[in-house]
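The values are calculated or read from the model by the stated rules, or taken from the named source; none is laboratory data. Source: prediction; values computed, not measured. Here the Cβ positions follow ideal geometry from the backbone for every residue, glycine too, while neighbour counts run over all protein chains shown.
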Ligand SMILES: Cc1cc2nc3c(=O)[nH]c(=O)nc-3n(C[C@H](O)[C@H](O)[C@H](O)COP(=O)(O)OP(=O)(O)OC[C@H]3O[C@@H](n4cnc5c(N)ncnc54)[C@H](O)[C@@H]3O)c2cc1C
C-alpha cells in the first residue's frame with residue numbers, strides 16, 4: 001500500500017479527513033484536481049451561522065482545522081441570535097476567502113503524514129468487496145487500506161447559466177464523470193441535486209451610502225480557544241434590498257432561467273432559493289433583502305448574499321442594477337447553478353463507511369449535504385473511522401444528544417435525502433444541551449480517547465471547568481442585600497437577602513447581565529468572562545437542562561438497544577409492510593434509530609424489540 005488512506009477531493013471534507021488520519025498517526029494522500037484550492041469556499045465567503053457554528057466548535061474540539069483557519073483569516077466576527085437563549089447563539093465569521101484557502105494549503109503542506117497529489121481520480125479499486133486504492137484518469141494506480149470520497153459538487157457536475165450549459169463542478173473547473181461512473185459500477189445508486197451561487201460584484205462600483213452598515217462584534221468571538229487573539233479593524237458588511245424594478249425584470253424573464261425552462265429538474269436547497277425562485281414562490285413579497293459581503297481585505301470583490309441566480313448573464317447584469325446601491329454595479333463573475341450526483345444515503349453506515357464496500361467511506365456533498373461546515377464535520381468523522389477500520393477497532397459515532405455532528409449523520413443515514421441537507425438548530429431535539437459554549441464538555445472525552453488534541457489543551461479545559469464550578473459554588477453561598485440591586489429590588493419585596501444564584505435565575509435577564517452581576521458580587525471571579533458566562537448559563541438554565549437530561553437518558557435507553565448487523569428484517573411477524581421495507585433498506589443500528597425512520601410506528605418498534613431480543617438470545621445460545 002502506498003498510503004494508509006486515500007482521500008479523493010481536497011475540499012472542506014477532504015482536508016478534515018486527511019488531518020484526522022494524520023493526527024491518529026497514519027499516512028494520508030489527498031488526490032485533488034488543484035492542490036492550490038484546498039478548502040476553497042465555492043460559494044459564500046463565511047464560516048458558521050445558525051446550527052453550522054456548533055459543528056465548527058465540535059470540529060475544533062476534535063482537533064480539526066476549520067475553527068482555527070477562520071479565526072486566523074476572518075475579517076468580521078459576529079454572534080447571531082444573542083437576544084434569544086444560548087442554545088441558538090451562533091457565531092458567524094466573514095472570511096478573507098483567499099487568505100483562508102492559503103492558510104489551509106500551508107497548514108496541510110506542513111503535515112509530514114499528508115501528501116497532496118494533483119490528479120483526477122477516475123476509478124475506485126476493490127478486491128473481494130474491500131477498497132484497495134484508486135486509479136487516476138491518467139491510469140496511475142495508488143494503493144491504500146481505505147478510501148474516502150469527498151468529491152463535492154464535482155461528481156457529474158453540470159453548470160447552468162441561462163441557456164448555456166458547461167461540464168464543470170465549479171465555474172472554470174473540471175467535473176468528475178469517470179469517478180461517478182466508477183461509483184455506479186460498484187453498485188451504488190445515485191441521485192441528482194442542485195445548488196447555485198450569486199454573481200460577484202466589483203465593490204468599487206457600489207454606492208455604499210445607500211446601504212445599511214453591519215459592523216462586527218467586540219470583543220471578537222473567536223471560534224477556537226487555541227487561536228491567537230489577534231487585534232484588527234473588522235470589515236463591515238452591508239444590507240440592501242431589491243426593488244419593484246428587480247421584481248418586474250426577473251418575473252418577466254422566469255422562462256429564461258434553467259430552473260423554469262425545464263433544463264434543470266433536480267432539487268435545490270429549499271432554505272437558500274435563487275432570486276428568481278424567491279420572486280416566483282413569494283409573488284406577494286415586494287422586495288428581498290441582500291447582504292453585501294466582502295470577499296476579503298485584498299480584493300474589491302463583493303458577494304451579494306441572497307441573489308443566487310442562474311438567469312442569463314445579460315439579465316443578471318440588468319437585474320443587479322435595479323437593487324438599491326447597486327445602480328452602477330459591475331459583475332466580475334456571473335451567478336450560476338450546478339447540478340451534481342450524490343449517493344443515496346441508505347448505502348452508508350453511521351460511521352460513513354459504505355455498506356457495499358468495506359474500507360470505502362463517503363463524506364460531504366456526496367452524501368447529499370450542502371455547506372462547508374457539514375462537509376468538514378463528516379470528513380473528520382470519516383477520517384477517524386477510516387483509521388479505526390484499518391486498526392480493526394469499533395467505529396466512532398456521536399449520537400443526537402452529544403453533538404450536531406451526531407444529529408447530522410443520524411439524519412443522513414436515517415432519512416431519505418431528496419434535497420440538499422443543511423443543519424439548523426431546529427434539527428436538534430436536545431439543543432438545550434448542545435450549545436456552542438459546551439462543545440468541549442461534550443466532545444473532549446472522545447478527543448482524548450483518540451488522541452486528537454494535545455494534553456495541554458485538555459488540561460487548559462480542565463482548569464476552566466474547575467473555575468466554572470467554583471463560580472457556581474460561590475453563587476450558591478454568596479448573599480446579596482436586595483437594597484443593593486438598583487432597578488431589580490422591587491422584585492424581592494418580601495425578602496431582603498437573597499443568594500447570587502437566586503438573583504441570576506431571575507426571568508428576563510440576559511446572560512450578559514447575569515455575567516455583569518457575577519462581576520459585581522463575586523470579586524473572586526476576577527473578571528474571568530469565560531468561566532462566568534459558562535456558570536451564568538448553567539445556573540440560569542439549570543431547570544430546563546435537567547429536564548432535557550431526563551429526556552436524553554430516555555433516548556439513550558432506546559439507543560443502547562442495538563440491532564445486530566446480521567438481523568433479518570423479514571422475520572418479525574406483525575411489522576407493517578412499509579416499515580419492513582424501510583427497515584430492510586436503511587438497516588438501523590439500534591431501536592432508537594429505527595424509531596426515527598419515517599413510517600415506522602411505535603407499534604412496529606414494540607414488535608421489533610421482541611424479535612431483536614429473541615435474535616440476541618438465539619445468537620448467545
Ligand atoms: C455553485 C455552488 C454554490 C453553492 N452554494 C451553497 C450554498 O448556498 N450554501 C451552502 O451551504 N453550500 C453551498 N455550496 C456547497 C459548498 O460549497 C459545499 O457544500 C462544500 O464545499 C462541500 O464540501 P466538500 O468537501 O464535500 O466538496 P468541495 O468543497 O466541493 O470540494 C470537492 C473537491 O474535490 C475535488 N474533486 C472532486 N472530484 C475529484 C476527482 N475525481 N479527483 C480529484 N479531485 C476531485 C475538487 O477538485 C474539490 O477540490 C455551493 C457550491 C457550489 C459549487
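Quick check on segment 434-452: of everything there that is closer than 20 Å to residue 373 by Cα and part of a loop (DSSP other than H, G, I, E, B), which residue is farthest from the chain's Cα centre (by Cα)?
My answer is 452.
Looking at (1) touching a helix residue (DSSP H, G or I) at 6+ places or on another chain (Cβ under 7 Å); (2) within 21 Å of residue 442 (Cβ to Cβ), which one does residue 546 not meet, given that it meets all the others?
Unmet for residue 546, out of (1) touching a helix residue (DSSP H, G or I) at 6+ places or on another chain (Cβ under 7 Å); (2) within 21 Å of residue 442 (Cβ to Cβ): (1).
Of everything in segment 348-362, what is in contact with a strand residue (DSSP E or B) (Cβ under 6 Å, 6 or more places away or on another chain) and away from the ligand (no atom under 11 Å from the Cβ)? Give them in sequence order.
Matches in segment 348-362: 348, 352, 353, 354, 357, 358, 359, 360, 361.
For segment 203-216, does any single residue satisfy the condition of being touching a helix residue (DSSP H, G or I) at 6+ places or on another chain (Cβ under 9 Å) and in a strand (DSSP E or B)?
The answer is no, given that none of the residues of segment 203-216 is touching a helix residue (DSSP H, G or I) at 6+ places or on another chain (Cβ under 9 Å) and in a strand (DSSP E or B).
Residue by residue through segment 471-484, note down the ones that are touching a strand residue (DSSP E or B) at 6+ places or on another chain (Cβ under 9 Å) and without any contact (Cβ under 8 Å) to a residue 40 or more places away in the chain.
476, 477, 479, 481, 482 - these are the residues of segment 471-484 that are touching a strand residue (DSSP E or B) at 6+ places or on another chain (Cβ under 9 Å) and without any contact (Cβ under 8 Å) to a residue 40 or more places away in the chain.
Could you identify the single residue in 247, 278, 263 that is at pLDDT 95 or above and over 28 Å from the mean Cα position of the chain (by Cα)?
After applying the criteria, what remains is 247.
Restricting to segment 2-59, and then to whatever is assigned to a loop (DSSP other than H, G, I, E, B), away from the ligand (no atom under 14 Å from the Cβ) and at negative phi, can you tell me which residue is modelled with the lowest pLDDT?
This residue is 2.
Only one of (1) surrounded by fewer than 19 Cβ atoms within 10 Å (Cβ to Cβ); (2) touching a helix residue (DSSP H, G or I) at 6+ places or on another chain (Cβ under 6 Å) fails for residue 299. Which number is that?
(2)
At least 3 residues that are within 28 Å of residue 192 (Cα to Cα) and within 12 Å of the ligand (Cβ to nearest atom) in each: list the strands (runs of 3 or more DSSP E) lying fully within segment 97-175 that qualify.
In segment 97-175, the matching strands (runs of 3 or more DSSP E) lie at 121-127, 130-136, 141-149, 158-161.
Looking at 418, 397, 468, which is the one that is surrounded by 19 or more Cβ atoms within 10 Å (Cβ to Cβ), touching a residue at least 24 places away in the same chain (Cβ under 8 Å), more than 16 Å from the ligand (Cβ to nearest atom) and not in a helix (DSSP H, G or I)?
It is 397.
When you scan segment 336-347, do you find a residue that is closer than 23 Å to residue 64 by Cα, surrounded by fewer than 23 Cβ atoms within 10 Å (Cβ to Cβ) and either in contact (Cβ under 8 Å) with a residue 40 or more places away in the chain or not assigned by TED's automatic domain parsing to the domain that holds residue 127 (or both), even just one?
No.
Tell me which residues, restricted to segment 283-292, are surrounded by fewer than 21 Cβ atoms within 10 Å (Cβ to Cβ) and within 25 Å of the chain's Cα centre (by Cα).
Selection gives 289, 291.
Residue by residue, here is whether (1) at pLDDT 95 or above; (2) outside the structural domain of residue 394 (by TED's automatic domain parsing) holds:
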site	(1), (2)
418	no, no
434	yes, no
444	yes, no
480	no, yes
483	no, yes
489	no, yes
494	no, yes
503	no, yes
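Quickly run through segment 176-202 and pick out the residues that are more than 14 Å from the ligand (Cβ to nearest atom) and assigned to a loop (DSSP other than H, G, I, E, B).
Hits for segment 176-202 are 186, 187, 188, 189.
If you check 94, 118, which single one turns out to be surrounded by fewer than 21 Cβ atoms within 10 Å (Cβ to Cβ) and either touching a strand residue (DSSP E or B) at 6+ places or on another chain (Cβ under 9 Å) or closer than 18 Å to residue 4 by Cα (or both)?
Going through 94, 118 in turn, the sole match is 118.
Evaluate the following for residue 365: is it surrounded by fewer than 21 Cβ atoms within 10 Å (Cβ to Cβ) and within 12 Å of the ligand (Cβ to nearest atom)?
For residue 365, the condition - surrounded by fewer than 21 Cβ atoms within 10 Å (Cβ to Cβ) and within 12 Å of the ligand (Cβ to nearest atom) - is not met.
To keep it simple, each residue is scored yes or no on (1) under 30 Å from residue 65 (Cβ atoms); (2) surrounded by 13 or more Cβ atoms within 10 Å (Cβ to Cβ).
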| residue | (1), (2) |
| --- | --- |
| 216 | yes, yes |
| 235 | yes, yes |
| 247 | no, yes |
| 262 | no, no |
| 273 | no, yes |
| 281 | no, no |
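When residue 311 is evaluated against the numbered criteria (1) under 26 Å from the mean Cα position of the chain (by Cα); (2) buried (at least 24 other Cβ atoms within 10 Å of the Cβ), which criterion, by number, is the only one it fails?
Here residue 311 clears every test but (1).
Taking residue 377 and the conditions (1) in contact with a strand residue (DSSP E or B) (Cβ under 8 Å, 6 or more places away or on another chain); (2) under 19 Å from residue 20 (Cα atoms), which numbered condition does it fall short on, given that it satisfies the others?
(1)
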